[in-house]
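**Student:** Mind having a look at this structure? Questions to follow.
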Amino acid sequence: MNIERIKNELAQAWTVAVKDVRVYYLRPGMIMFGFAMPFFMFFSFSVQREMGAAEGVARLLAMTVFFTAGAAGPFIIPTERRIGTYDRLLAAPMSLMTLLLGKTAVGTIFAVAVSGVALLAGLLFFGTTILQPGLLAAGILLGAFSFSTLGLVFGSMPTTNPGDVQMPSTLLRWGLLFISGVFIPLGEMAPAARAIAYLSPLTYAQDVMNHAVLGKGLINPWLDLAVLALSGALFLWPSIKMHQRARVLGR
Amino acid sequence: MNNAIEVENLTKYYDKFLAVDHVNFTVKQGEIFGFLGPNGAGKTTTQRMLTTLLTPTEGRILINGHDLARDSYPAKQQIGLVPEESNVYTELTAWDNLMFTASIYRVPRGERAKRAQELLETFGLWEKRAIKAENFSKGMRRRLSIAMAIIHKPSLLFLDEPTPGLDTQSIRAIWKLIRSMNAEGTTVFVTTHQIEEANQLCDRVAIISHGKIAAIDTPERLKANFRRAQSVEVAFEGEMAEKSPGLESMPGVTTQVKVGDKLRLYTDDPSALLPRIVQYAESHALRIVSLNTLGPSLEDVFLEITGGQVGIVTNEIQENNPRRKGMGGRK
Ligand SMILES: Nc1ncnc2c1ncn2[C@@H]1O[C@H](COP(=O)(O)OP(=O)(O)O)[C@@H](O)[C@H]1O
Ligand SMILES: [Mg+2]
């Protein structure tokens with residue numbers, strides 16, 4: 001790969017992302033699963049517990065990043081497969097990785113934007129101060145990346161029906177939400193539960209938000225960021241495999 | 001000079017179903033090559049393999065000398081693809097659809113607007129450039145989808161059944177465009193289930209049936225084979241077809257088949273047969289309810305070429321394909 005080719009591929013990934021932003025951000029599916037869900041979840045689960053404002057904001061941010069980033073992948077790719085526009089992208093002179101990075105960027109940008117709204121809400125309504133803005137930004141970005149590629153795994157399943165993947169992906173996200181120290185802080189978990197929590201990337205996103213907003217967390221924030229970046233890269237692998245599978249199956 | 005397409009032993013199984021069966025052919029640069037076959041023959045499957053969208057089970061594909069299995073990138077740069085369904089982004093305007101494709105294909109930035117304008121004008125969409133494609137008719141979407149496929153000036157253009165369901169005007173426009181692109185040097189690979197389309201457009205035609213290529217030749221030479229598959233259909237008033245003795249042994253008739261209340265007589269010279277049938281009716285005091293000559297149906301041609309028996313015609317083909325030159329209900 002020469003420099004020229006790499007520049008082209010990056011431009012192509014960006015073109016795909018911008019197009020998807022324009023075409024899909026205002027779709028009901030995206031608004032429902034991406035925008036409304038985290039706020040709904042936050043308010044329905046937070047009223048029960050006595051909780052400080054800063055804790056609430058850290059939790060809202062983690063949930064927002066988690067839900068919005070993962071909303072795009074499972075929705076967009078099966079939709080495009082069904083109407084045939086995905087073929088246009090697959091036949092274009094760019095690598096599969098480029099295409100997937102473009103699709104990842106869609107979820108990442110969506111998550112960053114909606115997190116911005118959540119952050120603003122936190123600052124305005126709860127009067128929270130952010131202790132480490134730089135860490136917060138890095139956490140949101142890498143968390144969005146990780147959850148976006150996780151969503152892409154579902155989007156990459158060889159199907160032309162978004163309904164087929166919406167269910168399993170929603171189930172997984174709910175499951176992760178409850179094991180990842182979002183509702184029950186990591187420190188209050190039984191050792192067995194905590195061991196499971198360490199398997200979920202959401203745990204690290206919540207921890208990094210706690211560091212940034214509250215100034216306290218259980219894991220080293222650098223480790224949090226590293227896990228988010230690495231898991232994001234790892235999730236691309238099953239997506240590539242499933243795309244290859246789809247090309248064999250003809251879907 | 002390289003061949004534009006070289007295919008060796010190309011095979012595709014969907015699970016256990018054999019859709020394309022050890023197919024071999026080459027397409028020369030500068031040719032319009034037709035891939036003609038009925039629904040389900042394996043045309044789309046073949047074309048999807050040629051355009052990297054589908055992984056072959058077996059076989060080798062060279063596009064302008066590049067082996068697709070080794071490195072598809074140079075081939076993808078040279079290919080333009082018009083799929084069966086017009087895959088435009090309905091949420092984007094015609095203009096934005098073209099700009100998006102131009103960017104994906106890395107058309108130099110300074111040329112994108114110029115080419116988009118040229119294409120929109122060619123396809124009669126310039127006035128509609130700012131309208132979202134969701135408001136376009138089927139023919140307009142098809143034209144836009146073709147424009148998107150050629151904005152990077154591909155040297156090899158694939159079209160999968162470009163015309164079914166379109167109005168005559170759109171069909172003519174698409175044929176004209178294919179011819180003019182070809183005149184400027186573009187190689188064209190077009191699938192179709194319509195003999196007439198292959199006949200009008202193609203330098204050479206491959207006939208595919210059940211995943212196998214039955215013949216590859218120029219339309220003229222293929223038509224020599226088609227001739228024996230012509231027929232005359234006649235219906236007599238009141239009489240059951242079987243009760244018309246002697247028709248089958250009439251000179252020029254090769255086979256006789258009963259189709260509903262009609263008799264179909266296969267012949268390689270329908271015009272010579274018609275007066276004989278009229279004469280026959282007069283001498284047997286029969287009234288002719290209808291009398292038609294039928295061009296060869298695609299299915300007939302396949303059977304003819306693959307050595308099957310002429311006259312076993314499936315319903316679907318019967319409805320769609322014979323070109324009736326009706327003489328109407330003569331009384
Ligand atoms: N993805 C698929 N999975 C299973 N069978 C398929 C798939 N795509 C096509 N087929 C089957 O393969 C055969 C050839 O299909 P196709 O190539 O689309 O034919 P054509 O384009 O000539 O109409 C058909 O019998 C069709 O049902
Ligand atoms: Mg087809």
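**Student:** Mind listing whichever residues of the range A:142-170 are surrounded by fewer than 19 Cβ atoms within 10 Å (Cβ to Cβ) and part of a helix (DSSP H, G or I)?
**Tutor:** Result: A:Gly163, A:Asp164, A:Gln166, A:Met167, A:Pro168, A:Thr170.
Here's the yes/no breakdown for (1) within 13 Å of ligand 1 (Cβ to nearest atom); (2) open to solvent by less than 10 Å² (accessible area, probe 1.4 Å); (3) within 14 Å of chain A (Cβ to nearest Cβ); (4) more than 18 Å from B:Thr46 (Cα to Cα):
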{"site": "B:Asn182", "(1), (2), (3), (4)": "no, no, no, yes"}
{"site": "B:Gln194", "(1), (2), (3), (4)": "yes, no, no, no"}
{"site": "B:Glu197", "(1), (2), (3), (4)": "no, yes, no, yes"}
{"site": "B:Ile207", "(1), (2), (3), (4)": "yes, yes, no, no"}
{"site": "B:Ile213", "(1), (2), (3), (4)": "yes, no, no, no"}
{"site": "B:Ile216", "(1), (2), (3), (4)": "no, no, no, no"}
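**Student:** Working carefully through the options B:Gly42, B:Gly37, find the one that is within 15 Å of ligand 1 (Cβ to nearest atom) and away from chain A (no Cβ under 13 Å). Working first, answer last.
**Tutor:** Working: B:Gly42 fails: away from chain A (no Cβ under 13 Å).
When all the criteria are applied, what remains is B:Gly37.
**Student:** Scan the range A:180-195 and give yes if some residue there is closer than 18 Å to A:Ser146 by Cα and either in a helix (DSSP H, G or I) or basic (Lys, Arg) (or both), otherwise no. If you could, list the steps in order and put the result at the bottom.
**Tutor:** Taking the range A:180-195 and keeping what is closer than 18 Å to A:Ser146 by Cα, we get A:180-182.
Applying the additional criterion that residues be either in a helix (DSSP H, G or I) or basic (Lys, Arg) (or both) yields none.
No; the residues of the range A:180-195 include none that is closer than 18 Å to A:Ser146 by Cα and either in a helix (DSSP H, G or I) or basic (Lys, Arg) (or both).
**Student:** Related question: So B:Gln117 passes all but one of these: (1) over 23 Å from B:Arg172 (Cβ atoms); (2) more than 12 Å from chain A (Cβ to nearest Cβ); (3) out of contact with any strand residue (DSSP E or B) (no Cβ under 6 Å at 6 or more places or on another chain). Which condition number does it fail?
**Tutor:** Exception for B:Gln117: condition (1).
**Student:** Can you work out which of the residues in the range A:90-106 that are at the interface with another protein chain (Cβ under 7 Å from one of its Cβ atoms) and assigned to a helix (DSSP H, G or I) is least open to solvent (accessible area, probe 1.4 Å)?
**Tutor:** Looking at residues that are at the interface with another protein chain (Cβ under 7 Å from one of its Cβ atoms) and assigned to a helix (DSSP H, G or I), I get A:Ala91.
**Student:** Still on this model: Restricted to the range A:235-246, and to residues that are within 14 Å of A:Pro78 (Cα to Cα) and in contact with a Ser or Thr (Cβ under 7 Å, 6 or more places away or on another chain), which residue is most open to solvent (accessible area, probe 1.4 Å)?
**Tutor:** At the first step, the residues of the range A:235-246 found to be within 14 Å of A:Pro78 (Cα to Cα) are A:239, A:242-243, A:246.
Right, trim to in contact with a Ser or Thr (Cβ under 7 Å, 6 or more places away or on another chain) and you get A:239, A:242-243.
Numbers: A:Ser239: 0, A:Met242: 42, A:His243: 11 Å².
Ranking the candidates gives A:Met242 first.
**Student:** Say we look at the range A:51-88 and pick out the residues that are basic (Lys, Arg) and within 14 Å of chain B (Cβ to nearest Cβ); which of these is farthest from A:Met242 (Cα to Cα)?
**Tutor:** The qualifying residue farthest from A:Met242 (Cα to Cα) is A:Arg88.
**Student:** Within the range B:80-108, count every residue that is within 7 Å of chain A (Cβ to nearest Cβ) and in a strand (DSSP E or B).
**Tutor:** Residues flagged as within 7 Å of chain A (Cβ to nearest Cβ) and in a strand (DSSP E or B) within the range B:80-108 amount to 1.
**Student:** Is there a residue in the range B:120-136 that is closer than 13 Å to B:His152 by Cα and either facing chain A (nearest Cβ under 8 Å) or open to solvent by less than 30 Å² (accessible area, probe 1.4 Å) (or both)?
**Tutor:** To start, the set of residues in the range B:120-136 that are closer than 13 Å to B:His152 by Cα comprises none.
No, the range B:120-136 contains no residue that is closer than 13 Å to B:His152 by Cα and either facing chain A (nearest Cβ under 8 Å) or open to solvent by less than 30 Å² (accessible area, probe 1.4 Å) (or both).
**Student:** Here's something else I'd like to know. Which condition does B:Thr191 not pass, out of (1) over 20 Å from A:Pro93 (Cβ atoms); (2) in a helix (DSSP H, G or I); (3) modelled with pLDDT of 95 or more, if it passes all the others?
**Tutor:** (2)
**Student:** Of all residues in the range B:159-180, how many are within 16 Å of ligand 1 (Cβ to nearest atom) and either acidic (Asp, Glu) or crowded, with 20+ Cβ neighbours inside 10 Å (or both)?
**Tutor:** Residues of the range B:159-180 that are within 16 Å of ligand 1 (Cβ to nearest atom), as a first pass: B:159-165.
Those still in the list that are either acidic (Asp, Glu) or crowded, with 20+ Cβ neighbours inside 10 Å (or both) too: B:159-163.
Within the range B:159-180, residues that are within 16 Å of ligand 1 (Cβ to nearest atom) and either acidic (Asp, Glu) or crowded, with 20+ Cβ neighbours inside 10 Å (or both) number 5.
**Student:** I need every pair where a residue in the range B:34-59 that is hydroxyl-bearing (Ser, Thr, Tyr) has its Cβ under 9 Å from the Cβ of a residue that is part of a loop (DSSP other than H, G, I, E, B) and within 6 Å of ligand 1 (Cβ to nearest atom), sequence separation at least 6 or different chains.
**Tutor:** B:Thr45/A:Gly250; B:Thr55/A:Gly250
**Student:** Looking only at the range A:60-89, which residues are open to solvent by 10 Å² or more (accessible area, probe 1.4 Å) and under 30 Å from A:Leu120 (Cα atoms)?
**Tutor:** Selection gives A:Phe75 alone.
**Student:** Further question on the same structure: In the range A:205-216, what residues are within 21 Å of the chain's Cα centre (by Cα) and farther than 13 Å from A:Leu150 by Cβ? I'd like the intermediate steps shown before the answer.
**Tutor:** Quick first cut of the range A:205-216, residues within 21 Å of the chain's Cα centre (by Cα) only: A:205-213.
Listed by number, the residues that qualify are A:Gln206, A:Asp207, A:Val208, A:Met209, A:Asn210, A:His211, A:Ala212, A:Val213.
**Student:** Is there a residue being in a helix (DSSP H, G or I), out of contact with any Pro (no Cβ under 8 Å at 6 or more places or on another chain) and not hydroxyl-bearing (Ser, Thr, Tyr) anywhere in the range B:248-270?
**Tutor:** The initial filter retains those residues of the range B:248-270 that are in a helix (DSSP H, G or I), namely B:270.
Narrowing the set further to residues that are out of contact with any Pro (no Cβ under 8 Å at 6 or more places or on another chain) leaves B:270.
Now narrow it down to the ones that are not hydroxyl-bearing (Ser, Thr, Tyr): B:270.
Checked the range B:248-270: at least one residue is in a helix (DSSP H, G or I), out of contact with any Pro (no Cβ under 8 Å at 6 or more places or on another chain) and not hydroxyl-bearing (Ser, Thr, Tyr).
**Student:** Has the range B:16-38 got any residue that is polar (S, T, N, Q) and under 20 Å from B:Gln194 (Cβ atoms)? Lay out the reasoning, then the answer.
**Tutor:** If we filter the range B:16-38 for residues that are polar (S, T, N, Q), which is where we start, we get B:24, B:26, B:29.
Now drop any that are not under 20 Å from B:Gln194 (Cβ atoms), which leaves none.
Checking the range B:16-38: not a single residue is polar (S, T, N, Q) and under 20 Å from B:Gln194 (Cβ atoms).
**Student:** Name every residue in the range A:195-224 that is over 13 Å from A:Leu135 (Cα atoms) and either of a type in the set (Ser, Thr, Tyr) or surrounded by fewer than 17 Cβ atoms within 10 Å (Cβ to Cβ) (or both), in order of residue number. Break it down into steps so the answer makes sense when it comes.
**Tutor:** Just the residues of the range A:195-224 that are over 13 Å from A:Leu135 (Cα atoms), to begin with: A:195-203, A:218-219.
A:Ala195, A:Ile196, A:Tyr198, A:Leu199, A:Ser200, A:Thr203 - these are the residues of the range A:195-224 that are over 13 Å from A:Leu135 (Cα atoms) and either of a type in the set (Ser, Thr, Tyr) or surrounded by fewer than 17 Cβ atoms within 10 Å (Cβ to Cβ) (or both).
**Student:** Go through the range B:9-20 and give me each residue that's of a type outside the set (A, V, I, L, M), in a strand (DSSP E or B), surrounded by fewer than 17 Cβ atoms within 10 Å (Cβ to Cβ) and within 12 Å of ligand 1 (Cβ to nearest atom).
**Tutor:** B:Tyr13, B:Tyr14, B:Phe17
**Student:** Can you confirm whether A:Leu142 is at pLDDT 90 or above and not charged (D, E, K, R)? Walk me through how you get there before you give the answer.
**Tutor:** On the way: at pLDDT 90 or above: yes; not charged (D, E, K, R): yes.
Yes.
**Student:** Any chance the range B:42-58 includes a residue that's of a type outside the set (A, V, I, L, M, F, W, C), modelled with pLDDT of 95 or more, more than 16 Å from ligand 2 (Cβ to nearest atom) and not in a loop (DSSP other than H, G, I, E, B)?
**Tutor:** The answer is yes, given that some residue of the range B:42-58 is of a type outside the set (A, V, I, L, M, F, W, C), modelled with pLDDT of 95 or more, more than 16 Å from ligand 2 (Cβ to nearest atom) and not in a loop (DSSP other than H, G, I, E, B).
**Student:** When you scan the range B:131-184, how many residues do you find that are within 16 Å of ligand 2 (Cβ to nearest atom) and outside any helix (DSSP H, G or I)? Walk me through how you get there before you give the answer.
**Tutor:** So in the range B:131-184, the residues within 16 Å of ligand 2 (Cβ to nearest atom) come out as B:142, B:145, B:158-166.
Of the ones still in play, those that are also outside any helix (DSSP H, G or I) are B:158-166.
Within the range B:131-184, residues that are within 16 Å of ligand 2 (Cβ to nearest atom) and outside any helix (DSSP H, G or I) number 9.
**Student:** B:Arg142: among the basic types (Lys, Arg), assigned by TED's automatic domain parsing to the domain that holds B:Gly65, away from ligand 1 (no atom under 16 Å from the Cβ) and open to solvent by less than 20 Å² (accessible area, probe 1.4 Å), yes or no? Explain how you work it out, then say what you get.
**Tutor:** Details: among the basic types (Lys, Arg): yes; assigned by TED's automatic domain parsing to the domain that holds B:Gly65: yes; away from ligand 1 (no atom under 16 Å from the Cβ): yes; open to solvent by less than 20 Å² (accessible area, probe 1.4 Å): yes.
Yes: the conditions hold for B:Arg142.
The values are calculated or read from the model by the stated rules, or taken from the named source; none is laboratory data. These numbers were taken from a predicted model, which means no experiment stands behind them. FYI the Cβ positions are ideal-geometry reconstructions off the backbone, even for glycines, and counts take in every protein chain you see. When the accessible area is computed, the model is the full protein with side chains, heavy atoms only, and any ligands, DNA or RNA have been set aside. Shrake-Rupley method; radii C 1.70, N 1.55, O 1.52, S 1.80 Å.
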